[in-house]
1. Mind giving me the FRET efficiency for ASN115 and GLU388? R0 is 56 Å, r the Cβ-Cβ distance, nearest 0.05 is fine.
2. Hey, rough spin-label estimate for THR305 and ASP183, points 7 angstrom out along Cα→Cβ, what's it come to in nanometres?
3. Given points 7 Å out from each Cα along the Cα-Cβ axis, report the GLU284 to LYS80 separation in nanometres with one decimal.
4. Counting other Cβ atoms within 10 Å, which GluC sites (Glu not before Pro) in the stretch 247-322 have at most 16 and lie in a DSSP loop?
5. Can you pick out the pairs among LYS288/LYS347; LYS274/LYS377; LYS274/LYS347 whose Cα atoms lie more than 23 Å from each other?
6. Using the number of other C-beta atoms within 10 angstrom as an exposure proxy, rank THR367, THR259 with the fewest first.
7. Can you figure out the FRET efficiency of LEU4 with GLN172, using R₀ = 25 Å and their beta-carbon distance, to the nearest 0.05?
8. How about LYS112: which aspartates and glutamates have a C-alpha closer than 14 Å to its C-alpha, ignoring those fewer than 8 places off in the same chain?
Amino acid sequence: MLLLSDLPDDVLRLIFEQLAPIQPTQSESSGVSIGRRDLGRALAGTCKRFVPFGLELVWRRVDINARLNEELVGRIIGSKTVGERIQYLSLTCLWDSAYALVAGDLPAFLPKLPNLRILVVKRMPQIAELLLGGLVEAETTLPLASLDIDARLASSATLPSAIFRALPHLRQLRSIHLDLDIDSSGTDSALRIETASISPEELKLVLTSKSTGAREATIVKSILTEVRLSDLRSLSVELSATAFSALCDGLRRAVMLQTLEIYVHSKHLASDLKMLCLTLPRLEHLRKLVFMQVHAFEPLPVALTSPLGRFFGSSLPQLIESIQLNVDFQISQHRSEFRDMLDDRIKQGGALRRWESLERYRTGSSTAIRRVVWVRKTDEQGRQCFVEV
């Protein structure tokens, strides 16, 4: 009779993972999931062969989500057995006095995690700097596939130093999410980013600053220079209007991009939309486009029959399937022409299936704004057409 212990390691690993909770619940303290800990201990006590699987379940994912745990940090640093099994590390801590207790240990943290695949550090840019700075100092590489961090670029800093200097040590990165708080009073000369290019498939940048300025545009240009854009499949960017031109310049090299999301801090989107129209024809593989204002500004009015409206329609790649825009194409005045434009996409072999934009409409003596959604459906005669929902 075949026993559970007779199964291959990869099969056992799949079975045990299905039995274990993925992450700690909100009621649990920072560290490892109690469910994974209990199951791991039970496995380790079952038989000698299950001991490594029990340790994997306990330590594969570590979430420090309330306050820095000095004992936990010390145990990870002091135990090779524990460090080798951590593949997911998340620190979403609030700043508190506990930081001072572990600050000296943090630079040695990442070099002790040789199999780390996912790193999340939120709301604590100081810790992100210490962790990645330690990786640079130790000249250690990690098989990290996903990096999600908050960082801060001060006026006197040459760059978010440790973060960018660490990139050559993270050459397997496939997903990067960088939330960067910028001090706009810094100078452009302080933004040299000296690192080898990386090849992520997904890049998300959220740039915030107390005031808009050329520094943000320089940062966008510098980051996109370090990313091999020809390998990029998904790009999401939140930025000010001053950096939009730098973004469009980089997009021209992202020829394999499939998803593009742009969130702009701007009240006037006409010039941005024109630049986007010039860029879109180069993105032949684009399937999803989002172009939104971050705040509730008035939507950009663009008559479908205007040169800009026609230009936008003609610039859309054939493979695009979904569009979401904070633009008023004045559909209320040109509803039949708008539907004809969408149906022409079908006749031309276009893949478009969903269109979402804005529309002004009158409510008594005033005007309001509503979202308009058109989806591609098949009618009773078996013909494909767009229907407003």
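1. Numbers: r = 51 Å, r/R0 = 0.92.
It comes to 0.65.
2. 5.5 nm
3. For GLU284 paired with LYS80, the spin-label model returns 5.2 nm.
4. Working: sites: GLU261, GLU284, GLU321; in loops: GLU284, GLU321.
In loop regions of the stretch 247-322 (DSSP not H, G, I, E or B), the sparsely surrounded GluC sites (Glu not before Pro) are GLU284, GLU321.
5. Working: LYS288/LYS347 20 Å; LYS274/LYS377 30 Å; LYS274/LYS347 26 Å.
Check vs 23 Å cut-off fails for LYS274/LYS377; LYS274/LYS347.
6. Numbers: THR367 9, THR259 16.
With the sparsest Cβ surroundings first, the list reads THR367, THR259.
7. Details: r = 33 Å, r/R0 = 1.34.
It comes to 0.15.
8. List returned: GLU84, GLU137, GLU139.
Since every read-out is calculated from the coordinates, none of them should be taken as a lab result. Values in this document were obtained by computation on a predicted structure and should not be read as measured data. Because the Cβ atoms are built from the backbone with ideal geometry, glycine has one as well, and the counts that use them run over all protein chains shown.
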